[in-house]
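What follows is one structure encoded as structure tokens, with my remarks underneath.
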Amino acid sequence: MDASLYPRMAAVEDAHWWFSGRRAIVDRLIARLALPPDAAILEPGCGTGGNFPMLARRGRLHAMDSDPTAISFAAARGLATLAEGALPDRVPFGDTLFDLVVITDVLEHLDDPASALRALHRRLKPRGALLATVPAGPWMWSEHDVTHHHRRRFRAAELGALLRAGGFEITYLSHYNFLLFPVIAGARIIQRLRPPDGAAARHDLTMPPAGLNRVLRGIFSSERFVVGAARIPFGVSLIALARATAPADRSAAAGGA
């Protein structure tokens, strides 16, 4: 992501409907994992730390990002042990193994997401959990993806294959952000038919009016009652829960992918 966007992200992500709605969905899925009270949690690609209050409630939070500007905003929250790092080759925190890795909208930024998932598998305890979200639907590619330096948008089968090849057993994989999908998909199509109107048109880091933000947050966050209980065949994004297989099982998973 452009470094110039980090101040915008830090200013809006606590209240913006998209970030807060995603957190509500992710938080409910994590609650299903029955983590130990002192769980060791890693958030790679933490950005400016919008997930920190949610994750820090559930254990000892470690977080990393490759951008020093993002790290400076995240550090101001005072909720995580922070370090600069990058997937797949620069995962900090020594030999610490984690109970949970949460990687929200990061894999799409990477040239080699398969190697990143293998690296994260090595940092999980046996049967440790991975929660990942990514943008869905290559056909929805837009200026938003370009500005945020995305390399790809994922199909569900593609994400599933990457997880299995990385040594993970998938326990849940579904689309989400499905209630607002018709509106967002329509907006993306319209964007293709006319040139963007300035920087604000190329990203989604502008806070809508308060009333509209509350409505959108309410709609989006209500999906937490469905996501995890049912698999949704369409939506703006994908979400997955997976468990790290034992080393012996990992070779079999990679060979069968």
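FYI, it's all coordinate maths here, none of it is from the lab. As the structure is a computational prediction, the values presented were derived from the model and not from experiment. Note that each Cβ is placed from the backbone with ideal geometry, even for glycine, and that neighbours are counted across all protein chains shown.
Springs join every pair of Cα atoms under 10 Å in this Gaussian network model of the chain, and among Val183, Val101, Val12 the largest mean-square fluctuation is at Val183. Backbone N atoms of the range 115-139 closer than 16 Å to the 7 Å Cα→Cβ label point of Thr96 belong to residues 120-125, 129.
Rounded to the nearest 10 degrees, the angle from helix 113-122 to the longest Cα principal axis of the chain is 40 degrees. Applying both filters, DSSP loop and at most 12 other Cβ atoms within 10 Å, to the trypsin sites (Lys or Arg not before Pro) of the range 1-95 gives Arg57.
Per residue, the average separation of C-alpha pairs within less than 8 Å and at least 6 apart gives the range 3-247 a relative contact order of 24 percent. Farthest towards the positive end of the charge dipole of the chain, among the residues Phe98, Pro233, Asn177, is the Cα of Pro233, using unit charges on the Cβ of Lys, Arg, Asp and Glu.
Placing a label point 7 Å from the Cα of Asp111 along the Cα-to-Cβ direction, the residues of the range 56-99 whose backbone N falls under 17 Å from that point are 66-67, 86-91. At full extension, Thr171 and Glu158 could sit 3.1 nm farther apart than now, given 0.36 nm per residue minus the alpha carbon distance. Taking other C-beta atoms within 10 angstrom as a stand-in for reagent exposure, Ser174, Ser237, Ser4 fall in the order Ser4, Ser174, Ser237, fewest first. For the options Ala40, Ala15, Ala210, a Gaussian network treatment of the chain with springs between C-alpha atoms closer than 10 Å singles out Ala210 as fluctuating the most.
Exposure proxy for Asp105, Asp95: other Cβ atoms within 10 Å of each Cβ, ordered fewest to most, give Asp95, Asp105. Using the Cα gyration tensor of the range 70-153, with a ≥ b ≥ c the square roots of its eigenvalues, what is the shape: rounded (a/c below 1.5), prolate (a/b larger than b/c) or oblate (neither)? Taking the square roots of the gyration eigenvalues as a ≥ b ≥ c, the range 70-153 is oblate. May I ask what percent, to the nearest 5, of DSSP beta bridges between residues of the chain are antiparallel? That works out to approximately 45 percent antiparallel.
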